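A.B. asks: The following block contains the structure, expressed as structure tokens.
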Amino acid sequence: MATTGSMSAGALSDAIEYRPMERVDVSLIAPLMKAYLEESCPDIVPNDVNAMTLLSTAASASFAALENKPDGRVIGFTLLSPITNLQTAVKILHSVGTYVLPEFRRRGVGERLRRLAAYMAREAGYDKLQGVAYSEKAAASAGKIGARAVAIVLENQLQIKGE
């Protein structure tokens, strides 16, 4: 596997454990999901209902990173969700997002989470991951494992000036 400079010893050390999200109590991930929504998803209200709704869609390729301590807390996640109710030309997982607590960033944790998730998605027969990045920084981070921009997201604010 090719690595980048960000794939540091910090991400691969014994200090962090990577687990499939289905093996982690969802209530331990929910606070991070709310933080992710607040920081990265300007149109989604960062509340318990939305956090739990998104977490309930987690595909088996979704992963969490935990401090490797007896009462280790969840420090990050990457959430992939199957596209349901649509027939697609190839088997696609929607990349809902990746989040790492600020004090654990720049250690390769997000990259490791994404690599594990991509590997497991491929093993499960998926052909493609798709997601939205709300910033250049987020797009660059996903680009470290091969993601590239293939579309432009357009918004039309439905307000009339002067109202």
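The values are calculated or read from the model by the stated rules, or taken from the named source; none is laboratory data. Computed from a prediction, not measured in an experiment: that's the story for all the values here. All Cβ positions, glycine included, derive from the backbone under ideal geometry; neighbour counts span all protein chains shown.
A.B. asks: Which of the residues belonging to region 34-63 are within 15 Å of the chain's Cα centre (by Cα), part of a loop (DSSP other than H, G, I, E, B), more than 15 Å from Arg112 (Cβ to Cβ) and in contact (Cβ under 8 Å) with a residue 40 or more places away in the chain?
C.D. replies: Cys41, Ala59, Ser60, listed by residue number.
A.B. asks: Now for a separate question. Give the residues of region 63-105 that are closer than 14 Å to Arg19 by Cβ and acidic (Asp, Glu), sorted by residue number.
C.D. replies: Glu67
A.B. asks: Can I ask one more? I'd like to check something: does region 102-124 contain any residue that is of a type outside the set (Phe, Trp, Tyr), more than 29 Å from Asp25 (Cα to Cα) and free of Cβ contacts under 8 Å to residues at least 24 places away in the same chain?
C.D. replies: Looking through region 102-124, none of the residues is of a type outside the set (Phe, Trp, Tyr), more than 29 Å from Asp25 (Cα to Cα) and free of Cβ contacts under 8 Å to residues at least 24 places away in the same chain.
A.B. asks: May I ask you to verify whether Asp48 is of a type in the set (Asp, Glu), surrounded by fewer than 14 Cβ atoms within 10 Å (Cβ to Cβ) and at pLDDT 95 or above? First the steps, then the outcome.
C.D. replies: Values: of a type in the set (Asp, Glu): yes; surrounded by fewer than 14 Cβ atoms within 10 Å (Cβ to Cβ): yes; at pLDDT 95 or above: yes.
When the stated conditions are applied, Asp48 passes them.
A.B. asks: A further question on this structure: Assess whether Leu116 counts as being crowded, with 18+ Cβ neighbours inside 10 Å, out of contact with any strand residue (DSSP E or B) (no Cβ under 8 Å at 6 or more places or on another chain) and assigned to a helix (DSSP H, G or I).
C.D. replies: On the way: crowded, with 18+ Cβ neighbours inside 10 Å: yes; out of contact with any strand residue (DSSP E or B) (no Cβ under 8 Å at 6 or more places or on another chain): no; assigned to a helix (DSSP H, G or I): yes.
No.
A.B. asks: While we're on this one: Would you be able to say whether some residue in region 64-72 is surrounded by 24 or more Cβ atoms within 10 Å (Cβ to Cβ) and either within 15 Å of the chain's Cα centre (by Cα) or within 20 Å of Asp25 (Cα to Cα) (or both)?
C.D. replies: Filtering region 64-72 for residues surrounded by 24 or more Cβ atoms within 10 Å (Cβ to Cβ) gives 64-65.
Among the residues that remain, those that are also either within 15 Å of the chain's Cα centre (by Cα) or within 20 Å of Asp25 (Cα to Cα) (or both) are: 64-65.
Yes, region 64-72 has at least one match.
A.B. asks: Of the conditions (1) modelled with pLDDT of 95 or more; (2) over 24 Å from Pro42 (Cβ atoms), Leu79 fails just one. Which one is it?
C.D. replies: (2)
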